[in-house]
Amino acid sequence: INQHVLNVSPGTGGNTTGSGAYDYNSNANISAVPDIGYNFSSWIGSGVNDPFNANTTVSMTLDRNISPTFVLKDHLLIVSPGTGGSTTGSGSFPYGTDANITATPAAGHNFTNWIGVGVSDLNASETTVSITQNQNISAIFSPKDFTLQVSSSTGGSAFGDGNYSYGTHAIITATPDSGYYFSGWNDNGVINALSPSTAVSIWSDVNV
């Protein structure tokens, strides 16, 4: 019985088995094994009985040259914002690529860091993620601190100075001296300007 040579070449992204000499009209077993991050796609060459099966046979009626094709796997990247900002970068990306991600803080907030696997620089608001699997990345934001200065006119004292986080309410108190009465606060974010004990909404540095 005549024999024919089967040459099964590996393609980029994987390896193969099955090369050798086979009897005429026999069916030679071939297989394609993808590397990490790749999927088998199809066989190229004549005589393959199932071109879309990684494990199939080749009809050996003549010499054959067969090769597989492999494709990069796609993985899902989810980029989630924490409270205080927004993010970009979610999508589907091929294995081994570097996906761009961006964190944008909202008013009164700072970007703090990223949480997740594969981030190139956890402390940079614009960076990349190395795609090796389905990945979830989160951005952490923190409120900015602002300064509250509380002062009084002649006839009393006022309290509440300090540093406060964006969006909080700082308690302020006015105490009149003997012979004076409290008149009011300047309306600079004060919740109740006629109350000697009230609060200030902190959206920026403020003087009361």
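The values are calculated or read from the model by the stated rules, or taken from the named source; none is laboratory data. This is a predicted model, so every value here is computed, not measured. Heads up, the Cβs are rebuilt from the backbone with ideal geometry, glycines too, and the neighbour counts pull from every protein chain shown. The accessibility values were calculated without ligands, DNA or RNA, using every heavy atom of the protein model including side chains. Shrake-Rupley method; radii C 1.70, N 1.55, O 1.52, S 1.80 Å.
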Just to be sure I understand the model, the point goes 7 Å from the Cα along the line to the Cβ. What's the resulting residue 171 to residue 17 distance in nm? 7.6
Once Lys and Arg get +1 and Asp and Glu get -1 on their Cβ, which of 198, 88, 11 lies farthest toward the positive end of the dipole of the chain? 11
How far, in nm, would the chain grow between residue 25 and residue 128 when pulled straight, counting 0.36 nm per residue and subtracting the alpha carbon separation? 31.7 nm
For a quick check, take a GNM of the chain with Cα springs below 10 Å and name the residue from 108, 179, 189 with the largest mean-square fluctuation. 179
How big is the accessible area of residue 122 in square angstrom, nearest 10, if you roll a 1.4 angstrom probe over the protein chains? 80
Nothing charged except the Cβ atoms of Lys and Arg (+1) and of Asp and Glu (-1): what's the magnitude of the dipole of region 98-208 about its Cα centre? Round to the nearest 20 debye. 180
Carbon and sulfur: what percent of the chain's accessible surface (1.4 Å probe)? 49
Running a GNM on the chain with Cα contacts under 10 Å, which residue among 178, 90, 41 ends up with the highest mean-square fluctuation? 178
Sequence of 12, 57 from largest to smallest accessible area, 1.4 Å probe: 12, 57
Average accessible area per residue (Å²) across the chain - probe 1.4 Å, nucleic acids and ligands excluded: 55
If I model a spin label as a point 7 Å beyond the Cα along the Cα-Cβ vector, how far apart are those points for residue 39 and residue 92 in nm? 0.8
